[in-house]
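Okay, so here's the structure we're looking at.
The values are calculated or read from the model by the stated rules, or taken from the named source; none is laboratory data. Because the structure is predicted, anything quoted here is derived from the model rather than measured. Don't worry about glycine lacking a Cβ; one is built from the backbone with ideal geometry, like all the others, and counts go over all protein chains shown. Quick note on the areas: whole protein, heavy atoms, side chains included, nothing else; ligands and nucleic acids left out. Shrake-Rupley method; radii C 1.70, N 1.55, O 1.52, S 1.80 Å.
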Amino acid sequence: MLMSAIARPLDKAATPGIGEKIRSGLAVGKTRWGMLALVFFATTLNYIDRAALGVMQPILAKEMSWTAMDYANINFWFQVGYAVGFLLQGRLIDKIGVKRVFFCAVLLWSLATGAHGLATSAAGFMVCRFILGLTEAANYPACVKTTRLWFPAGERAIATGIFNAGTNVGALLTPLMLPLILSVWGWQAAFLCIAFLGLFWAVLWGLKYFNPEDHPRLSETERAYVMGEPEPDQQGVPFHRILRMRGTWAFAGAFMCTAPVFWFYLYWLPPFLNQQYNLGINVTQMGIPLIIIYVAADFGSIGGGILSSWLIGRGMQPVKARLVSMLVFALTIISVIFAAGATSLWVAVAAISVAIAAHQAWTANIWSVVMDYTPKHMMSTVFGFGSMCAAVGGMFMTQIVGYMLTKTNNNYALLFTLIPVMYFIALSWLYLMAPRKVPVLDQA
């Protein structure tokens with residue numbers, strides 16, 4: 001059904017290719033790419049902050065005599081803060097502005113990261129992780145809002161994929177960076193060094209970021225380019241009205257189905273690879289497969305927007321172009337089914353790499369589609385609400401996976417089979433529910 005959307009004649013000669021569109025876009029100006037670089041580095045720091053605890057867990061567990069339940073509870077309170085924070089931070093960004101709220105959020109999450117170095121018990125870490133989750137939740141609503149403000153529809157998916165690639169860069173840098181700091185200064189200093197990076201970024205953001213209408217060095221040509229899509233002037237829409245929008249629930253339902261899959265990869269890939277192929281916990285055995293998988297995820301994240309941007313360039317409406325692209329990526333994700341029964345480590349790594357790359361490409365497009373049909377002034381609220389639903393889904397996903405592995409004696413085959421199903425459920429929901437353009441709302 002979705003593929004029929006592209007079965008119409010196109011004037012190929014009159015339509016520029018993707019390379020030509022990129023060149024013409026850069027010719028307009030480069031300021032918006034500078035704004036994108038800021039949110040890319042914020043996302044990288046966001047994942048360094050959260051990944052650091054996992055890397056240092058063996059040292060911290062020995063230092064403070066943590067049990068497995070202590071560590072589980074520490075992670076649980078991060079997820080609770082993260083879920084609550086999405087809703088609060090998204091609403092604040094729309095009401096107060098992305099510049100001020102994101103600055104305060106990064107300032108607070110950096111202080112919370114540094115406070116880990118002062119904690120002396122599991123309870124202290126639970127408090128620090130809750131505050132970290134509450135404040136780090138601002139990252140994605142702020143990044144999506146920035147992309148919505150600074151990029152027209154034809155560039156949105158590519159821009160989204162670039163800043164979201166920071167997740168994988170952060171996941172790769174953390175195990176490379178921390179061992180040196182740990183060996184020289186110890187675990188307390190590791191948290192303090194990461195906190196310093198966040199504080200430095202917050203200062204840079206405060207000095208360099210402006211919305212397009214306020215930027216003092218933005219050329220009029222580029223300003224017209226990024227603000228050239230007219231929208232109805234809508235202000236002051238109350239939260240209950242936003243919750244009655246079809247688009248809010250279109251995004252929330254679809255994202256709740258698929259976002260927990262990435263948490264599955266983060267939490268369960270190392271145990272799966274270790275169990276199936278008897279890998280050691282070191283760089284050469286466990287590290288190289290994970291590096292390959294997350295590099296593939298980066299390629300998927302950055303390249304995932306090219307298809308929908310190309311379709312938009314060929315005359316397709318933005319929402320329809322995202323849905324067609326997401327169908328292609330959902331079909332690609334089926335490759336993960338072959339991972340569970342693979343007799344070779346590298347066959348499993350290849351199957352997972354293709355699937356996680358397609359997941360990140362899917363993510364670039366689901367974030368772009370919600371930008372396509374959501375008014376600018378409520379973008380972060382809608383995204384924050386949907387992400388809160390996804391975070392709650394991730395909390396349940398962890399429990400469901402643990403239960404299924406316990407009941408099946410650590411058999412991953414059913415889990416890998418269910419993963420592609422979630423994308424087709426989400427795509428069907430989006431197809432039925434997503435508006436095809438920005439709605440005009442009353443203020444009641």
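Odds and ends about this structure:
- Any hit, segment 19-39, residues being farther than 30 Å from ALA195 by Cβ, small (Gly, Ala, Ser), modelled with pLDDT of 70 or more and open to solvent by less than 70 Å² (accessible area, probe 1.4 Å): yes
- Scanning segment 400-431 for residues that are part of a loop (DSSP other than H, G, I, E, B), in contact with a helix residue (DSSP H, G or I) (Cβ under 9 Å, 6 or more places away or on another chain) and surrounded by fewer than 18 Cβ atoms within 10 Å (Cβ to Cβ) yields THR408, ASN410, ASN411.
- Among the residues making up segment 60-92, those that are open to solvent by 60 Å² or more (accessible area, probe 1.4 Å) and closer than 30 Å to PHE383 by Cβ are PHE76, TRP77, VAL84, LEU88, LEU92.
- One residue from ALA348, ALA358, ALA340, ALA321 being at negative phi and out of contact with any Leu (no Cβ under 8 Å at 6 or more places or on another chain): ALA358
- Helices (runs of 4 or more DSSP H) enclosed by segment 136-212 - at least 2 residues per element that are at pLDDT 90 or above: 139-150, 187-208
- Test result for LEU88, over 17 Å from the mean Cα position of the chain (by Cα) and touching a residue at least 24 places away in the same chain (Cβ under 8 Å): yes
- ILE288 being among the hydrophobic types (A, V, I, L, M, F, W, C), at pLDDT below 85, open to solvent by 50 Å² or more (accessible area, probe 1.4 Å) and under 17 Å from VAL369 (Cβ atoms): no
- Checked against (1) modelled with pLDDT under 90; (2) open to solvent by less than 10 Å² (accessible area, probe 1.4 Å); (3) under 17 Å from LEU266 (Cβ atoms), MET397 passes all but a single condition, namely (2).
- Enumeration of residues in segment 308-340 that are free of Cβ contacts under 8 Å to residues at least 60 places away in the same chain and buried (at least 20 other Cβ atoms within 10 Å of the Cβ): ALA321
- Helices (runs of 4 or more DSSP H) lying entirely in segment 309-378 (those with 1 or more residues that are touching a His at 6+ places or on another chain (Cβ under 6 Å) and among the polar types (S, T, N, Q)): none
- Search result, residues across segment 357-398 that are aromatic (Phe, Trp, Tyr) and under 21 Å from GLY304 (Cα atoms): TRP362, TRP367, TYR373, PHE383
- Only one of ALA105, ALA61, ALA112, ALA83 that is modelled with pLDDT of 85 or more, under 20 Å from GLN188 (Cα atoms) and among the aliphatic types (A, V, I, L, M): ALA112
- Screening segment 202-214 for residues that are open to solvent by 10 Å² or more (accessible area, probe 1.4 Å) and closer than 29 Å to ILE48 by Cβ and picking the one that is farthest from the chain's Cα centre (by Cα) gives LEU207.
- On inspection, LEU345 does not qualify as in contact with a helix residue (DSSP H, G or I) (Cβ under 8 Å, 6 or more places away or on another chain) and buried (at least 18 other Cβ atoms within 10 Å of the Cβ).
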